[in-house]
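Below is one structure, written out as structure tokens, with a few remarks after it.
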Amino acid sequence: MEADVNPSRSGVYPRYGKPILDRIVGLLLALLTLPVLLVLLLVAWTAFGWAPLVRERRIGRNGQPFNLYRINTRKDHRTDLRGRRLWLSLWLRRTSLDELPQLWNVTFGRMSLVGPRPLPPVESAALDAAAPRRRHTTRPGLTGPWQVYARGDGRDLSDHLDVDLAYVEHISFRRDLAILARTLPAVFRHHEDV
């Protein structure tokens, strides 16, 4: 199990505790939410008429690509084939329930519960020009400082790069707990552009 730590820093939590806690808590949460996830996948498949699960390419730790899974809400389609507005799709994205499958990414060690936002290759490459690969010294997170402190403020991630970089430079158990505690209130208080 690889540690989430910049080689220039050391510490028990980033090196050993975080990867172990991520996998244990990720597995517990994935199993606990599995019935909800299965119902949401069935409802999405029935309501939308397209594959309920989507696989998206993201850049992870050390710049390695991985497949991120989420419920397919098809953000590019605001209406179905009959012209009806996709309210379920909007609700899933606003409540972040479309991200429940990412708990399995955490369980298998591709993501962390808390970390920088996982980005597609093109966006990641653009940000790497501003802060070469520093975001990739740890696994991307299901939640993180950007999602908690800047969710829905209308600005790009590049405007908040310093928030992610500060997290990467100062990983701690206390900070991860604080971010986890603020995640649900942030989801219900701020909405991303859906």
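Observations, loosely collected:
- Residue-wise HN-Hα coupling along the range 27-37, computed from phi with Karplus coefficients 6.51, -1.76, 1.60 (Hz; x: Gly, Pro): 5, 4, 5, 4, 5, 5, 8, 4, x, 5, 4
- Under 5 Å between amide hydrogens, built in the peptide plane, is the criterion, and for Gly141 it picks out Ser112, Gly115, Arg117 among residues at least 5 positions away or on other chains.
- A simple packing score, the average count of other Cβ atoms within 10 Å per residue, orders the peptides 25-35, 86-96 as 86-96, 25-35, with the highest score first.
- Distance (nanometres) between label positions extended 7 Å along Cα→Cβ at Ile20 and Leu180: 1.5 nm
- Residue-by-residue Karplus 3J(HN,Hα) for the range 121-127, coefficients 6.51, -1.76, 1.60, Hz, glycine and proline x: x, 5, 5, 5, 4, 5, 6
- Whole-Hz ³J(HN,Hα) from phi, Karplus 6.51 cos²θ - 1.76 cosθ + 1.60, for the range 89-94, glycine and proline x: 4, 4, 5, 4, 6, 5
Any read-out appearing in this document is the output of simple, stated calculations on the displayed coordinates, not a laboratory observation. What you are looking at is a predicted structure, and each value in this text was computed from that prediction instead of being measured. Neighbour counts are summed over all protein chains in view; Cβ atoms, including those assigned to glycine, are modelled from backbone coordinates with ideal geometry.
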